[in-house]
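Notes follow once the structure below has been shown.
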Number of protein chains: 2
Amino acid sequence: MDQRQRLAVNLKAEMQAMERLHFSSNPDLERFSRGGFVVPASASWVYPDVIFPSPQVFQQEGEKKIRALVTHHHDLLWNSPLRALFGNDRRHFEKMVAITADFHVEACGGPRNYTARRGEPHLNIRHLPFTITEADREQWLDLYVGALKQSGFSLESAERYWRWIESLSLRMINRRSRVAPPKRIPFLQIQDLLREEP
Amino acid sequence: MDQRQRLAVNLKAEMQAMERLHFSSNPDLERFSRGGFVVPASASWVYPDVIFPSPQVFQQEGEKKIRALVTHHHDLLWNSPLRALFGNDRRHFEKMVAITADFHVEACGGPRNYTARRGEPHLNIRHLPFTITEADREQWLDLYVGALKQSGFSLESAERYWRWIESLSLRMINRRSRVAPPKRIPFLQIQDLLREEP
């Protein structure tokens, strides 16, 4: 009989996170151990706005730099543990990278080659077959910091770009492995990293 | 390089579900293909109330019948594709079934053996390591219909019990594989199945 892949989850830490998140702000909440018999409704998974980059990113940086950024990011992904998400077929991977680059170019205000070929992106649906956790998203974004650093993007373009990918990437998480909501990583937090000497 | 398990998702059907759910009710929503640049915030994962069964279930049915119900349900699980979630160690499985039975007895108004031994249930956290999809929950509930049918529970107790497990089970889903919210399965929908001759 097959077994399903299991995630290593620190249950004790998650229980403590639950206490902090849930019970510390609702001290009157009924607890099961005290005979509470309702667990109230809650929205556990809220997607914030996704703000696409303004067309100025395309105007200022141009298609070539945007494509190079996407390609570089995917080279980093291919050499990271996240490669497990992509399978082993390098040729298939490269095709997918080209399509992704089309999407990024269009999202930044460039020609609409992505939608002409593929239709609406609905990226959360396209990612449904691939199991993506909160930690996977963070690693994906981490690698984007490295790629942005070498992209030649102005700090202004990098900020517009980051605001988009940081919010969009939340919607790719389809496997929750933590009690806490996925982390937000504001541009301010990575700005200094981008400025450092390589 | 390892590959991750992938889910078989019907992307076309999910795209159509997205159209129905999202765009048909928001005809003015900006579409990416028309240069829309905001995807508005949304709560994609809402947990409704969990209503625990009233203590009358324990009073009317008693510990023995509740334990037998849980054990029977788990026998059905062990012989179903959901066994992949439990691993192959039958002795470990049986221990877990006994703990689960403690929990169900307590939830139905019986002695508090579960919380005395294990503390607060926080079942969503305890299930985090195990990947559970919407379809897994439906299959788990389906097997409960069969188990309830042979439980000897009155229709009234079965309703109270079902209302609990149907709502609680929503919180075990940690792997979303569909655009649509998880299905609600009201007692009315299974009532006739419980009444049928075995």
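Would you check which residues across the range B:1-21 are without any contact (Cβ under 8 Å) to a residue 12 or more places away in the chain, assigned to a helix (DSSP H, G or I) and either more than 9 Å from chain A (Cβ to nearest Cβ) or more than 26 Å from the chain's Cα centre (by Cα) (or both) and list them?
If the condition is that a residue be without any contact (Cβ under 8 Å) to a residue 12 or more places away in the chain, assigned to a helix (DSSP H, G or I) and either more than 9 Å from chain A (Cβ to nearest Cβ) or more than 26 Å from the chain's Cα centre (by Cα) (or both), then B:K12, B:A13, B:Q16, B:E19, B:R20 are the ones that fit.
Output the helices (runs of 4 or more DSSP H) that fall wholly within the range A:92-198 and possess 1 or more residues being over 25 Å from B:R4 (Cα atoms), or say none.
Numbers: elements: A:113-118, A:123-126, A:134-149, A:155-170, A:187-195.
Passing ranges, in order: A:113-118, A:134-149, A:155-170, A:187-195.
Checking B:R118 against (1) more than 8 Å from chain A (Cβ to nearest Cβ); (2) in contact with a Leu (Cβ under 9 Å, 6 or more places away or on another chain): exactly one of these is not met. Which one?
(2)
What's the number of the only condition in (1) at the interface with chain B (Cβ under 7 Å from one of its Cβ atoms); (2) in contact with a helix residue (DSSP H, G or I) (Cβ under 7 Å, 6 or more places away or on another chain) that A:P129 fails to meet?
With (1) at the interface with chain B (Cβ under 7 Å from one of its Cβ atoms); (2) in contact with a helix residue (DSSP H, G or I) (Cβ under 7 Å, 6 or more places away or on another chain) applied to A:P129, the lone miss is (2).
Can you confirm whether the range A:182-190 contains a residue that is more than 11 Å from every other protein chain (Cβ to nearest Cβ), on the phi > 0 side of the Ramachandran plot, in contact (Cβ under 8 Å) with a residue 12 or more places away in the chain and of a type outside the set (V, I, T)?
No, that holds for no residue.
Tell me yes or no: at least one residue of the range A:114-132 is touching a Pro at 6+ places or on another chain (Cβ under 9 Å), farther than 23 Å from B:M15 by Cα and crowded, with 19+ Cβ neighbours inside 10 Å. Before you say what the answer is, go through the steps one by one.
Filtering the range A:114-132 for residues touching a Pro at 6+ places or on another chain (Cβ under 9 Å) gives A:114-115.
When the remaining residues are screened for being farther than 23 Å from B:M15 by Cα, the result is none.
Among the residues of the range A:114-132, not one is touching a Pro at 6+ places or on another chain (Cβ under 9 Å), farther than 23 Å from B:M15 by Cα and crowded, with 19+ Cβ neighbours inside 10 Å, which makes the answer no.
Would it be correct to say that B:W78 is modelled with pLDDT of 95 or more, within 20 Å of A:Q3 (Cα to Cα) and touching a Phe, Trp or Tyr at 6+ places or on another chain (Cβ under 8 Å)? Give the steps one after another, and end with the answer.
Values: modelled with pLDDT of 95 or more: yes; within 20 Å of A:Q3 (Cα to Cα): yes; touching a Phe, Trp or Tyr at 6+ places or on another chain (Cβ under 8 Å): yes.
The answer is yes for B:W78.
Is it fair to say B:E61 is modelled with pLDDT of 95 or more, of a type in the set (D, E) and surrounded by 18 or more Cβ atoms within 10 Å (Cβ to Cβ)?
On the way: modelled with pLDDT of 95 or more: yes; of a type in the set (D, E): yes; surrounded by 18 or more Cβ atoms within 10 Å (Cβ to Cβ): yes.
Yes: the conditions hold for B:E61.
Within the range B:41-58, track down each residue that is closer than 28 Å to A:W164 by Cβ, surrounded by 13 or more Cβ atoms within 10 Å (Cβ to Cβ) and not polar (S, T, N, Q).
So in the range B:41-58, the residues closer than 28 Å to A:W164 by Cβ come out as B:41-46.
Those left that are additionally surrounded by 13 or more Cβ atoms within 10 Å (Cβ to Cβ): B:42, B:44-46.
Selection gives B:W45, B:V46.
The values are calculated or read from the model by the stated rules, or taken from the named source; none is laboratory data. Just so you know, these numbers come straight off a predicted model, no measurement behind them. Here Cβ is always computed from backbone atoms with ideal geometry, including for glycine, and neighbour counts include all displayed protein chains.
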